[in-house]
């Protein structure tokens, strides 16, 4: 019996020009493990352990298998993930960096978010992560405060530039 089938049925598919944003499913586990075992991906994430194991992926799939979380699929399976729970968060496998996929995916989920909510949306990035900052700025996010949070992979406190997006400032 699939305990998550009901939630998967409720999760919305979003189609963009090049991507399908769909529910995360158990068959995505291998792609998730491969992507998050790449330090060039995980070093920019707060809550992801390193090294990343199959059990980590199984746990995450069980928690990400609900509305507000999407697998990013460019046609051949999962290449990353994006969520709004409650902040906008995302990651992308490194061999797909620099192709505009994350801006496309994030723009689509933010547009979906603002269809049902007029509340401001929060996000953040590590100050050295220029690519993540560029995605947020393209969407219209603006800096709020410089904060710190614990990075699971290193066990260290790291600086995080927090950002906010109001619906009127969204560049959809």
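Throughout, read-outs are computed from the coordinates displayed, never taken from laboratory work. Computed from a prediction, not measured in an experiment: that's the story for all the values here. Backbone-built Cβ (ideal geometry, glycine too); neighbour counts: all protein chains shown.
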Label point 7 Å out from residue 150 along Cα-to-Cβ: which residues of segment 12-47 have amide N under 13 Å? 47
Mean Cβ neighbour count within 10 Å, used as a protection proxy, ranking 119-129, 142-152 highest first: 119-129, 142-152
Computed from these coordinates, which is semi-axes √(5λ) of the Cα gyration tensor in Å: (1) 23, 21, 15; (2) 40, 18, 16; (3) 25, 17, 16? (1)
Overall form of segment 15-102 per C-alpha gyration tensor (a/c, 1.5; a/b vs b/c): rounded
Highest to lowest packing among 31-37, 154-160, 91-97, scored as the average C-beta count within 10 Å: 31-37, 91-97, 154-160
Between residue 171 and residue 99, what is the label-to-label distance in nm when each label sits 7 Å out along the Cα-to-Cβ direction? 2.2 nm
Between residue 76 and residue 119, take the C-beta separation as r, use R0 = 30 Å, and let me know the FRET efficiency to the nearest 0.05. 0.30
